[in-house]
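> Quick one: the structure is below, questions incoming.
The values are calculated or read from the model by the stated rules, or taken from the named source; none is laboratory data. As the structure is a computational prediction, the values presented were derived from the model and not from experiment. Quick reminder, even Gly has a Cβ in these numbers, built from the backbone with ideal geometry, and neighbours come from all protein chains shown.
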Amino acid sequence: MSTVLHYPQSQLQPRDPVGLDYDLVIVGGGLVGLTLAAALRHSQLKVLVVEAQPTSVAAMKGQAYHINLLSSHIFAEIGVWPAMRPGVNPIREIHLSDGDYAGKVQFTLADLQSDVLGYVAEHRVLLAALQQFIQNCASVTYLCPAELVNTNYSADEVELTLKTQEQTQIVRTQLLVAADGARSPIRQSAGIVTAGWQYGQACVVAFIKPEKSHQDIAYERFQTEGPFAILPLPDNLCRIVWTAPKEEAVAIAQLDETAFLSRLKQRYGDQMGELEMVGQRFVFPVQLKHSLRYTQPRLALIGDAAHCCHPVGGQGINLGFRDAAALAEVVLSAHRQGEDLGAPQVLRRYEQWRKLENLTILGFTDLLNRLFSNSWVPLVWFRRLGLQALRHIPLARSIALRLMVGLLGRRPRLSEIEV
Ligand SMILES: Cc1cc2nc3c(=O)[nH]c(=O)nc-3n(C[C@H](O)[C@H](O)[C@H](O)COP(=O)(O)OP(=O)(O)OC[C@H]3O[C@@H](n4cnc5c(N)ncnc54)[C@H](O)[C@@H]3O)c2cc1C
């Protein structure tokens with residue numbers, strides 16, 4: 001069934017004095033695309049979000065994310081955090097360890113002088129809050145399900161062909177934002193090249209209910225096969241992110257439930273008592289991908305369309321939220337100055353802001369994975385020295401923690417509120 005949420009089809013007709021239907025069209029109503037739309041709520045800009053998957057299908061994605069402090073600040077400033085907050089779980093401690101090595105690092109609230117170190121939330125919780133929020137934004141039109149099937153760039157506008165189940169229609173805009181995920185058809189058709197590699201690893205993700213309380217502790221255990229993370233969710237659920245060589249990950253995911261739980265307990269330890277599986281397991285390939293350009297005239301890439309990183313440290317989606325907040329800031333400032341939103345000099349400000357910062361995090365996650373997925377003795381000693389530094393040098397702890405929670409780098413104005 002085709003539904004146009006919030007606006008009837010008739011409002012997709014031209015209604016601007018200069019003849020453009022929208023100031024900005026976001027293709028991809030995933031978490032990152034919707035965050036950008038929500039961030040533009042007070043702008044007076046006419047924004048269209050186009051999403052191919054019906055709302056009910058998108059909400060069923062069984063994913064869960066580490067939401068770092070910066071992302072939670074962005075949501076708070078936008079005004080969507082109160083709707084998300086009941087469905088997210090705080091992280092109050094982070095434990096890092098290297099295999100069976102006894103020298104564990106424990107980050108606590110005192111290290112950040114904060115009452116929380118981050119949050120964990122399911123995809124459906126975040127998505128539902130954002131969808132609800134933008135339906136109450138008068139300047140945002142949400143077209144779902146609808147697919148972008150063709151783009152035609154010219155000097156003054158982009159012409160987009162959109163297909164719903166009922167009809168094909170053409171809309172024109174100053175700026176097209178690609179929030180259309182890792183494969184990004186828009187990026188590909190624009191001829192923007194990416195660099196990167198597959199890791200030969202894959203991630204098994206699952207929800208687990210432990211017998212004992214998770215105590216709001218997040219664990220990252222580095223194993224030579226790949227990092228293993230446990231993230232605390234509401235209702236004492238935990239999200240497992242288990243990275244292993246690809247064939248092994250597929251085999252782990254295919255084990256029957258008893259064998260899977262027994263294998264998990266070997267890795268998980270018994271600090272949380274008996275474990276119960278909740279829902280299905282998924283496997284997703286691990287890759288590093290970075291667009292060589294984030295923009296070209298009348299086009300900007302955000303989220304996975306621009307970059308994908310190793311899941312170690314749970315940074316991926318947070319980079320996307322930061323892209324969305326940064327692009328919103330650039331676009332709003334350009335709009336106030338009366339500039340053309342799709343002009344190269346405007347989009348360059350976004351690219352210069354985000355590209356190097358994202359590349360730094362991509363490089364950092366890659367380095368962490370390589371450093372710890374390795375049993376070469378000098379490297380083992382080197383990384384254990386690093387863990388000792390984190391245990392005993394407050395400045396090292398503070399820098400590492402601030403990097404993890406997103407407080408290093410240029411912060412978007414949208415993130416300046418404290419939550
Ligand atoms: C199985 C799996 C598990 C994962 N687990 C984690 C995790 O635990 N933690 C973590 O941080 N990350 C995880 N990730 C990665 C995470 O899901 C992505 O980083 C995140 O979803 C990126 O958000 P996005 O909005 O940029 O893109 P997406 O979520 O991919 O959204 C893109 C949207 O664009 C829409 N779209 C695409 N083309 C068109 C078109 N032509 N017209 C209209 N709409 C279009 C799609 O339908 C989609 O809804 C996981 C990924 C997978 C596949």
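> For Thr151, which of the numbered conditions (1) in contact with a Gly (Cβ under 9 Å, 6 or more places away or on another chain); (2) near the ligand (Cβ under 10 Å from one of its atoms); (3) among the polar types (S, T, N, Q) fails to hold?
(1)
> If you go through region 146-156, how many residues are acidic (Asp, Glu) and modelled with pLDDT of 95 or more?
Going through region 146-156 one residue at a time, the tally reaches 1.
> Now, a different point. From the residues in region 118-166 that are aromatic (Phe, Trp, Tyr) and in contact with a Pro (Cβ under 8 Å, 6 or more places away or on another chain), which one is farthest from Gln53 (Cα to Cα)? Steps first, answer last, please.
Of all residues in region 118-166, those aromatic (Phe, Trp, Tyr) come to 119, 133, 142, 153.
Checking which are in contact with a Pro (Cβ under 8 Å, 6 or more places away or on another chain) leaves us with 119, 153.
Numbers: Tyr119: 27, Tyr153: 25 Å.
Ranking the qualifying residues of region 118-166, first place goes to Tyr119.
> How many residues, within region 308-350, are part of a loop (DSSP other than H, G, I, E, B), more than 10 Å from the ligand (Cβ to nearest atom), touching a Pro at 6+ places or on another chain (Cβ under 9 Å) and not small (Gly, Ala, Ser)?
So the first thing to find is which residues in region 308-350 are part of a loop (DSSP other than H, G, I, E, B), and the list is 309-315, 337-343.
Right, trim to more than 10 Å from the ligand (Cβ to nearest atom) and you get 310, 312, 337-343.
Next cut, touching a Pro at 6+ places or on another chain (Cβ under 9 Å) only: 310, 312, 342-343.
Those still in the list that are not small (Gly, Ala, Ser) too: 310, 312.
Adding up the residues that qualify gives 2.
> Which of the following residues is of a type in the set (A, V, I, L, M, F, W, C) and under 22 Å from Ala64 (Cα atoms): Ala306, Ala300, Ala334?
Result of the check over Ala306, Ala300, Ala334: Ala306.
> Additional query: Determine whether region 208-216 contains at least one residue that is within 14 Å of the ligand (Cβ to nearest atom), under 19 Å from Glu122 (Cα atoms) and not aliphatic (A, V, I, L, M).
Restricting attention to region 208-216, the residues satisfying the condition of being within 14 Å of the ligand (Cβ to nearest atom) are 208.
Checking which are under 19 Å from Glu122 (Cα atoms) leaves us with 208.
If we keep only those that are not aliphatic (A, V, I, L, M) as well, we get none.
No, region 208-216 has no match at all.
Rundown of residues vs (1) over 19 Å from Gly29 (Cα atoms); (2) among the hydrophobic types (A, V, I, L, M, F, W, C); (3) in contact (Cβ under 8 Å) with a residue 40 or more places away in the chain, yes/no style:
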| residue | (1), (2), (3) |
| --- | --- |
| Lys163 | no, no, no |
| Glu166 | yes, no, yes |
| Gln169 | no, no, yes |
| Leu175 | no, yes, yes |
| Arg187 | no, no, yes |
| Ala190 | yes, yes, yes |
| Thr194 | yes, no, yes |
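> Just the residues that are among the charged types (D, E, K, R), exposed (fewer than 14 other Cβ atoms within 10 Å of the Cβ) and at pLDDT 90 or above, please, taken from region 85-116.
Asp115
Yes or no, residue by residue, for (1) in contact (Cβ under 8 Å) with a residue 12 or more places away in the chain; (2) within 27 Å of Leu356 (Cα to Cα); (3) touching a Lys or Arg at 6+ places or on another chain (Cβ under 7 Å):
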residue	(1), (2), (3)
Leu371	yes, yes, yes
Leu387	yes, yes, no
Leu390	yes, yes, yes
Leu395	no, yes, no
Leu407	yes, yes, no
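> Do any helices (runs of 4 or more DSSP H) lying entirely in region 53-147 carry at least 1 residues that are of a type in the set (Gly, Ala, Ser) and over 21 Å from the mean Cα position of the chain (by Cα), and which ones are they? Please lay out each step first, then the result.
Numbers: elements: 55-59, 69-78, 81-84, 109-112, 123-135.
Output list reads 109-112.
> Sticking with this one: Are there strands (runs of 3 or more DSSP E) fully within region 155-229 with at least 3 residues that are more than 26 Å from Val346 (Cβ to Cβ) and within 25 Å of the chain's Cα centre (by Cα)? List them.
Per the criteria, 194-210, 217-223.
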